[in-house]
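J.: Please read through the structure below; I'll follow up with questions.
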Amino acid sequence: MGGASAEDLAELLSELKQRSGRSYEALGRRTGMSRSTVHRYCRGEIVPDNYGTVERIAKACGATKAELDELYRRWTHAITSLEHGGKFVPSQHPTEPDEIGSAEHAPTPDQQVTGRHLLDQEAAGRAPDPLARGVISWRSRYIDVRHGFTFLGMGLVILCAFVLTASTSPMRQSIRPTPQWVNGPSWTLPEAPVPRTLFGVTVNSATGAMPAFRVGAVRLWDGGTRWAEIQPERGTFDWSVLDRHIDGAEKAGLPVLFVAGGTPAWASPTGPLAPYPDGSRAAPPDDLNDWDTFVRAVVKRYRGRIQAYELWVLGNDRRFYAGSMESLVEMTRRASQIIRAADPKATLICPGMGQLWTAEGRQKLQRFATLGGYGYCDVAGIKLYQRTPSDPPESMLELVTTVDRTFHEAGIHPRLWNTGTTYSIPLQGSLDETRAQNYAVRFFLTGLYARNFNLERMYFYNWGGTKIPIVLQAVGGVPTRAALAVEQLQRWLIHASSRSCGHGMAINLPENVWQCEVTVAKPGDHHKATIRWTIGGTAETTAGPSVRAVRRLDGTTEAIQPGDSITVTEEPILIESRS
């Protein structure tokens, strides 16, 4: 019964494949699987561990609703038979020698995904790869009768079959349940304008110069504005650098985010040194009245000119703040009270929280939330960055999910601004020009993608510096290709409202394809558009019934007809519809 059920499922899949006229390779591209994996599904050599995989293959073949229902019935019988100890019976479907060579009849190392492989990946803190999520090799659970005859002899096969049936498959019991398959975008929300301020940069220069390409907001840090630099002695303030920054931002029409940090040595003589040459400390001041005096002086001088205040640069990184969370919450409370009284329109960002890939960083974030620190601010500042610069920007969404879970446990849901990166970024190697361009653009698209987590702004670190993996513009230089691509993205979205974002098979695209949908409304032109890219590699997609053009980051436009093939790469493209 078990073999027959699996064979029935494979038979219908094979029929759909033949009817579609698509090769295994074409189906693999459309579903994000390897050619040989799709082939083995259609032969019945492996059975998907979730119906979503079957459905995606069937839809790529043009299956009707009735056929999808029948596939679900057959898949259910096959998987039920597997649960009850059914043995694998090889399918008799003929091979297609023009597509599959004899070497592909046996599973390759990347196809032999077992339950142990899934558990090992998850224990190591890695998300299981797409193949591991969608399929468990029958050969990893049961004896292949054909190979048994060849190598073991009839008697040994019968013995193994008896042992496996009687054991109730302990490996099967150890496998974690497959996550529920959800078909649809990651989120769909009422249309909302894409804010200009989503596209922020941290200014890493003391000159007061601003970017020579389009940005929406600036953040001041590592540019001569630390507390220790502004107030080198008790009672003495040097406003020269901060004045230059504020004047430059006003001329450029850019809202300013001022960041506090770097306690002067005179305010904390025995505090641990911060990683700066000015002798600033990574501790709160010995007397919090000194903190009050500094905050009061800044807001009094720049009332109405500084739009937002980040109340400490990195509150959970001991290199920048080595005090207790209780003291940081108290500093936040006092600063909030002072700023709200002097400039009630200013936006208050709680101390930035980084190190979120580490347990210590997450624990301190949770502690600050548990102590009620976020009750004194308008926005939570978090530091999003990849583990390494070569990781795709979309991996930062794991940190967003971690932060959201922490806030949910604390019973709060604050607005989020991404206000920085990791301190070690200058130590990480530079990216090549093409990848730097694509990653810079996708950095901001990741922010758009995280709209459903209340993420509002992305401050790229940094503008002006050159000792970083992606350089946008050196002070006194011209914008790089990456900077110009970020500017082009903003042109695409200047009149846009976001509608939804999603990726992969859940939205009927290849697994490696990501996209965000927007509506563009400008005088004389109202249409829908999609920004689409891959997280790695390329993929083939098909233009929908109303698609009219594809725009690229270099400013070129290609006319497209419905049904045309659109190649998607790691470089985002804008797909425009007629209305």
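The values are calculated or read from the model by the stated rules, or taken from the named source; none is laboratory data. What you see is a predicted model, and the numbers here were worked out from it, not measured in a lab. With ideal geometry, Cβ positions are generated from the backbone for all residues, glycine too; neighbour counts draw on all protein chains shown.
J.: Any chance the range 304-315 includes a residue that's buried (at least 22 other Cβ atoms within 10 Å of the Cβ), assigned by TED's automatic domain parsing to the domain that holds residue 235, more than 27 Å from residue 235 (Cβ to Cβ) and out of contact with any Pro (no Cβ under 9 Å at 6 or more places or on another chain)?
T.: No, the conditions are met nowhere in the range 304-315.
J.: So which residues in the range 491-511 are surrounded by 19 or more Cβ atoms within 10 Å (Cβ to Cβ) and either polar (S, T, N, Q) or under 17 Å from residue 451 (Cβ atoms) (or both)? Give the steps one after another, and end with the answer.
T.: Pass one, the range 491-511, residues surrounded by 19 or more Cβ atoms within 10 Å (Cβ to Cβ): 492-493, 496, 498-505, 509-511.
Result: 492, 493, 496, 498, 499, 500, 501, 502, 503.
J.: Return the pairs, sorted by first residue and then second, in which the second residue is surrounded by 12 or more Cβ atoms within 10 Å (Cβ to Cβ), the first residue lies in the range 56-68 and is acidic (Asp, Glu), the beta carbons are less than 8 Å apart, and the residues are 6+ apart or on different chains.
T.: Listed by first residue and then by second, the contacts come to 67/12; 67/16; 67/58.
J.: For the range 538-549: of the residues being hydrophobic (A, V, I, L, M, F, W, C) and closer than 24 Å to residue 25 by Cβ, which is farthest from the chain's Cα centre (by Cα)? Even if it seems obvious, please write down each step before you answer.
T.: Of the range 538-549, the ones hydrophobic (A, V, I, L, M, F, W, C) are 539, 543, 547, 549.
Then drop every residue that is not closer than 24 Å to residue 25 by Cβ, which leaves 539, 543.
Numbers: 539: 19, 543: 25 Å.
Checking each candidate, the answer is 543.
J.: If you don't mind, there's one more thing I want to ask. Working carefully through the options 436, 380, 410, 474, find the one that is buried (at least 24 other Cβ atoms within 10 Å of the Cβ) and either over 17 Å from residue 310 (Cβ atoms) or over 13 Å from the mean Cα position of the chain (by Cα) (or both). Before you say what the answer is, go through the steps one by one.
T.: Numbers: 436 fails: buried (at least 24 other Cβ atoms within 10 Å of the Cβ); 410 fails: buried (at least 24 other Cβ atoms within 10 Å of the Cβ); 474 fails: buried (at least 24 other Cβ atoms within 10 Å of the Cβ).
Among 436, 380, 410, 474, only 380 is buried (at least 24 other Cβ atoms within 10 Å of the Cβ) and either over 17 Å from residue 310 (Cβ atoms) or over 13 Å from the mean Cα position of the chain (by Cα) (or both).
J.: When you scan the range 323-331, do you find a residue that is of a type outside the set (Val, Ile, Thr), over 17 Å from residue 403 (Cβ atoms) and assigned to a loop (DSSP other than H, G, I, E, B), even just one?
T.: yes
J.: Within the range 25-38, does at least one residue satisfy the condition of being at pLDDT 85 or above, not in a helix (DSSP H, G or I) and not polar (S, T, N, Q)?
T.: So far as the range 25-38 goes, no, none of its residues is at pLDDT 85 or above, not in a helix (DSSP H, G or I) and not polar (S, T, N, Q).
J.: Among the residues in the range 65-81, are any under 30 Å from residue 538 (Cα atoms), part of a helix (DSSP H, G or I) and at pLDDT below 75?
T.: no
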